1. Using a simple charge model, +1 on the beta-carbon of Lys and Arg, -1 on the beta-carbon of Asp and Glu, nothing else, what dipole does the stretch 270-414 show about its Cα centre, in debye to the nearest 20?
2. With a cap of 10 neighbouring Cβ atoms within 10 Å, and only residues DSSP puts in a loop, list the trypsin sites (Lys or Arg not before Pro) found in the stretch 372-437.
3. Taking the Cα centre as origin and putting +1 on Lys and Arg beta-carbons and -1 on Asp and Glu beta-carbons, what dipole magnitude results for the stretch 202-241, to the nearest 20 debye?
4. What percentage of the solvent-accessible surface of the chain, computed with a 1.4 Å probe over protein heavy atoms, is contributed by carbon and sulfur atoms?
5. Helix-only estimate, please: 222 nm mean residue ellipticity of the chain, summing -39500 (n - 2.57) across DSSP H runs of length 4 or more and dividing by its residues, to the nearest 500.
6. Residues of the stretch 296-317 with the amide nitrogen closer than 14 Å to a label point 7 Å from the Cα of A280, along Cα-to-Cβ, please.
7. Which whole-number percentage describes the relative contact order of the stretch 274-375, with Cα contacts under 8 Å and a sequence gap of 6 or more?
8. Can you compute the FRET efficiency between R225 and R192 using 1/(1 + (r/R0)^6), with r the Cβ-Cβ distance and R0 = 22 Å? Round to the nearest 0.05.
Amino acid sequence: MRRRTAPHRTDRRPRSGARTALTAAVAALALAAPAAVASSPAWAGMRHSGVVGERPVGWTPHVLDGRVKAVLPVGDLVVVAGRFDRVTGPDRRGSVERHNVFAFERGTGEISRFFTPDVDGTVTSLVPGPYRGTVFLGGHFRRVEGEDRRGVALVSTFDGETVESFDARVAGGSVYRIDAHGRDLYLGGTFRSVGGADRRGLARVDAATGRVDPGFDIGISDARRGSLRVHELAAGPDGDRLVIAGTFTRVDGRPRYQIAMVDTAARPAALAEFSTDSYAAPCDYSRMHTYMRQIDFAPDGSYFTVVTAGGPKLKPGLCKTVARWETRAGADAEPTWVNYTGGDSLYSVEATGAAVYVGGHQRWMDNPEGDHAAGPGAVKRSGIAAVDPRTGRALAWNPGRRPRGHGVEALTATPEGLYIGSDTTGLGGTYRGRLGMFPLNG
């Protein structure tokens, strides 16, 4: 269970002097108690006893424009991030400006009036901060609350201010994805350096200070297309494995086509034996640098799941699929199972033990012979689906999303259910503006 804190409710944002004192107090706590860094089960995977309900709750707020790319509960708040400008409460009366990130109260949907950080670009990733009332923002931005925080920032959920003790000093590119385990915060993107050290697209920093870890220097190289980048990464719940995906074809000089595993328990960290050529097929098109999308570990860490996008034409390979991979597989690994959409991209995945949820703009699952049509055995699944972790076959769960739009980019399992973020407003047959939650016992 995620640790809960006292409700963060107030009618107005603290005055400037109060904000300064509060932010300083939070920073002091960071330095005094670094062992509290994001080692909670939030990053060990949220295990569910069953599949969530098909009807979303009515108390989540609505995002009125853009896309939701990440959702993360932090104490009694839920932080929502992406690219948007206006949000409204569950009753849809009036709206307020919130640029790329906002928070609401769990269970009521009341939008926080004080968590209003000024972020000048898209937020693509959220990770719990190292102590109560903080959250990491990762994405394509340069400044947060007027401070230079390119690609990654630690902010207080009490007032939205940056925690000044954390400064990773990312340079030369963007951050696409962040994840954490213990005191380790992992960054993936197109950047060239972190904290003044040469770190091309992949780095590990101290979650309390942002200092780059000299014991983690994994080199990616030889982009298959476009810019060299780590597009996605996921840390295992035991803290001893990190899976990365992106445009690279070599890691530390060894062949690793778009996906690789790092042994993070080694000192220094080293490339793991896991390898596969399953993602070597060129099933995308020229503007898509990589078709790899999200990765998620099972709650027990025994396997991880990968979803992929692809170009407009169906081609051989593992594009537009969800696949299960065993964590302890070695060289020349093959997936345990693969579920094909038959021509539509998947963007997000969340494994809960009871199900592997996938989101995108798919129309079908169980469709290996389909080519933008339902092949033999295909089942209709509009924009969201659940897959059996053992067999890889679609489960009966089928709430649907209409319109499908670009697709679901955020799936987050919590004790109360499954949060979903997208770019459309129809979810489970009801209006839910780009954000919803399917209850576990509903």
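The values are calculated or read from the model by the stated rules, or taken from the named source; none is laboratory data. Computed from a predicted model, the values in this text were never measured in an experiment. Ideal geometry is used to build each Cβ from the backbone, glycine not excepted, and the neighbour counts take in all protein chains shown. Just so you know, the surface numbers come from the protein's heavy atoms only, side chains and all, with ligands and any DNA or RNA stripped out. Shrake-Rupley method; radii C 1.70, N 1.55, O 1.52, S 1.80 Å.
1. 680
2. Passing sites in the stretch 372-437 are R390.
3. Working: 6 positive and 7 negative charges, 53 e Å.
Around 260 debye, computed over the stretch 202-241.
4. Numbers: 7580 of 16050 Å².
For the chain, the apolar C and S fraction of the accessible surface comes to 47 percent.
5. On the way: 1 runs with 17 residues, N = 442.
Computed ellipticity for the chain at 222 nm equals -1500 deg cm²/dmol.
6. Answer for this model: 317.
7. 26
8. 0.75
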